[in-house]
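Visitor: Starting off with a structure, shown below.
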Amino acid sequence: MATTTAIAAAFQHAFTQLDDLECPVYANVVPEGGSYPCVVVQAYGDAFDTTAVGGQRVKTNVDLMVRVAQQGNDIAGVMPLLVSLDEALHQSGPATYTAGDVDSVIRQREVFEPTVSSGKSWLFAGGVYRFFVS
Amino acid sequence: MARSNVTVDDYSPRVYASIATGINKWVRDTTAQVELETVKELNRLVYDTPESPTYKRTGNLRKSVTKHYPSETEGIVQAQIDYAIYVHEGTPHMPPRPYMRNAVEKVKREAGTDLHRKIEMELR
């Protein structure tokens, strides 16, 4: 039967896979005083269950938004980090954690969001990754 | 795209018209459902959460959710205010609140079975 804490298992897997990245990895938001470039892992919406007849939960699909955050517009500078991030996550698994088993991870879509905030340029780039958790 | 298994062995204009009517009704109902669920998700993810001390909620994002029908087989739901995308997708300084993605996922799970029922009702 699938775990009740699929989102937590997905976060555990993401942080384990991204452990070798050459930058900080934060959950949910960049904390005050956080350094850049960094990677931010965020839950992207509800996690939908697949249930069998009788209500037994088979697995849960968890979507996480995983993005590199960098000040400025230097796309070339952030490219190695983006490649490392995708290589660490896409098609990773299976792996077992205290919160559940992550069977596999697939990138759903790539995201690329240059923006200006408080007069500064920012680049947020990465992807939405679907974690199949049981 | 929705799929439905309805078998017909009568290819008269009446049958084609009935199928088209069934599809049109399904598109309208499903679009309206997505609009309703989008507002519900906005309430759940944004408006029902504790307010921030740094900005005042106006309700403009919720009011900007609308629907329209470019054709008989298309329905579009939009949040038309310019910062809707930042609330939906989040930023590294603000978590995503994908109200529309949640709404579509919820409605998608029921929409396919409803399509063939709508077509069958028109064929009777």
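Visitor: Any of B:Lys40/B:Lys118; A:Lys120/B:Lys63; B:Lys67/B:Lys118; B:Lys25/B:Lys118; B:Lys40/B:Lys63 with alpha carbons more than 18 Å apart? Name them for me.
Guide: B:Lys40/B:Lys118; A:Lys120/B:Lys63; B:Lys67/B:Lys118
Visitor: Which residues, if any, in region B:69-106 have at least 50 Å² less accessible area in the whole protein complex than in the isolated chain, probe 1.4 Å?
Guide: B:Glu89, B:Pro92, B:His93, B:Pro96, B:Arg101
Visitor: If you filter region B:1-109 for chymotrypsin sites (Phe, Trp or Tyr not before Pro), then keep DSSP loop positions with at most 16 other Cβ within 10 Å, what is left?
Guide: B:Tyr11, B:Tyr55, B:Tyr83
Visitor: Would you mind working out the accessible area per residue for chain B, using a 1.4 Å probe, and quoting it in Å²?
Guide: Per residue, chain B has an accessible area of 63 Å².
Visitor: What share of the DSSP beta bridges in region A:1-98 is antiparallel, in percent to the nearest 5?
Guide: 75
Visitor: Rounded to the nearest 20 debye, what is the charge dipole size of region A:1-109 about its Cα centre when +1 sits on each Lys and Arg Cβ and -1 on each Asp and Glu Cβ?
Guide: Magnitude of the dipole: close to 300 debye.
Visitor: By accessible area of protein heavy atoms, probe 1.4 Å, what ranking do B:Glu110, B:Glu74, A:Glu113, A:Glu32 get, highest first?
Guide: Correct descending sequence by accessible area is A:Glu32, B:Glu110, B:Glu74, A:Glu113.
Visitor: Would you mind giving the three semi-axes, in whole Å and largest first, of the ellipsoid equivalent to region A:1-92 according to its Cα gyration tensor?
Guide: Semi-axis lengths for region A:1-92 are 31, 13, 11 Å.
Visitor: In addition: Which log10 I(q)/I(0) values does region A:58-134 give at q = 0.13, 0.27 Å⁻¹ under the Debye formula, counting every alpha carbon as one identical point scatterer?
Guide: Values, matching the q order: -0.47, -1.19.
Visitor: For chain A, what is the relative contact order in percent, using Cα pairs closer than 8 Å and at least 6 residues apart in sequence?
Guide: 29
Visitor: Interface A/B, total buried accessible area with a 1.4 Å probe, nearest 100 Å²?
Guide: 1600
Visitor: Something else now. Multiply the residue separation of A:Gln56 and A:Val29 by 0.36 nm, subtract the distance between their alpha-carbon atoms, and state the gained length in nm to one decimal.
Guide: Between A:Gln56 and A:Val29, full extension yields an extra 6.3 nm.
Visitor: Which whole-number percent gives the relative contact order of region B:23-91, counting Cα pairs below 8 Å spaced six or more residues apart?
Guide: It comes to 35 percent, rounded to a whole number.
Visitor: To continue, here is another question. Report, to the nearest whole %, how much of the accessible area of chain B belongs to carbon and sulfur atoms, 1.4 Å probe, protein only.
Guide: For chain B, the apolar C and S fraction of the accessible surface comes to 54 percent.
Visitor: Let me ask another. Roughly what % of Cα-Cα distances in chain B sit above 19 Å, to the whole percent?
Guide: 56
Visitor: Right, something else. What are the semi-axes of the equivalent ellipsoid for the protein assembly as shown, taken as the square roots of 5 times the Cα gyration tensor eigenvalues, largest first, in whole Å?
Guide: The equivalent ellipsoid of the protein assembly as shown has semi-axes of 38, 24, 17 Å.
Visitor: Checking the cross-link filter: which lysines have an alpha carbon closer than 24 Å to that of A:Lys59, excluding same-chain neighbours under 8 positions apart?
Guide: Excluding near neighbours in sequence, the set is B:Lys106, B:Lys108.
Visitor: Calculate how steeply helix B:13-42 sits against the longest principal axis of the alpha-carbon atoms of chain B, using the helix alpha-carbon long axis, and give the answer as 0 to 90 degrees to the nearest 10.
Guide: Here the helix axis deviates by roughly 10 degrees.
Visitor: Could you check the spin-label model distance between B:Thr49 and A:Glu87? Points 7 Å from the Cα along Cα→Cβ, value in nm.
Guide: 3.5
Visitor: Working from Cα positions, state the angle (0 to 90°, nearest 10) between the long axis of helix A:6-17 and the longest principal axis of chain A.
Guide: The angle comes out at about 50 degrees.
Visitor: Another one. Okay, helix-only estimate at 222 nm for chain A: each DSSP H run of n ≥ 4 adds -39500 (n - 2.57), divide by all residues, round to 500 deg cm²/dmol; what do you get?
Guide: -6500 deg cm²/dmol
Visitor: Keeping every protein chain present and rolling a 1.4 Å probe, give me the accessible area per residue for chain A in Å².
Guide: Ligands and nucleic acids excluded, the result is 48 Å² per residue.
Visitor: Of all accessible surface on chain A at a 1.4 Å probe, what whole percent is carbon and sulfur?
Guide: Whole-percent figure for carbon plus sulfur exposure: 50.
The values are calculated or read from the model by the stated rules, or taken from the named source; none is laboratory data. Everything numeric here is computed off the predicted structure, so don't read it as measured data. All Cβ positions, glycine included, derive from the backbone under ideal geometry; neighbour counts span all protein chains shown. Just so you know, the surface numbers come from the protein's heavy atoms only, side chains and all, with ligands and any DNA or RNA stripped out. Shrake-Rupley method; radii C 1.70, N 1.55, O 1.52, S 1.80 Å.
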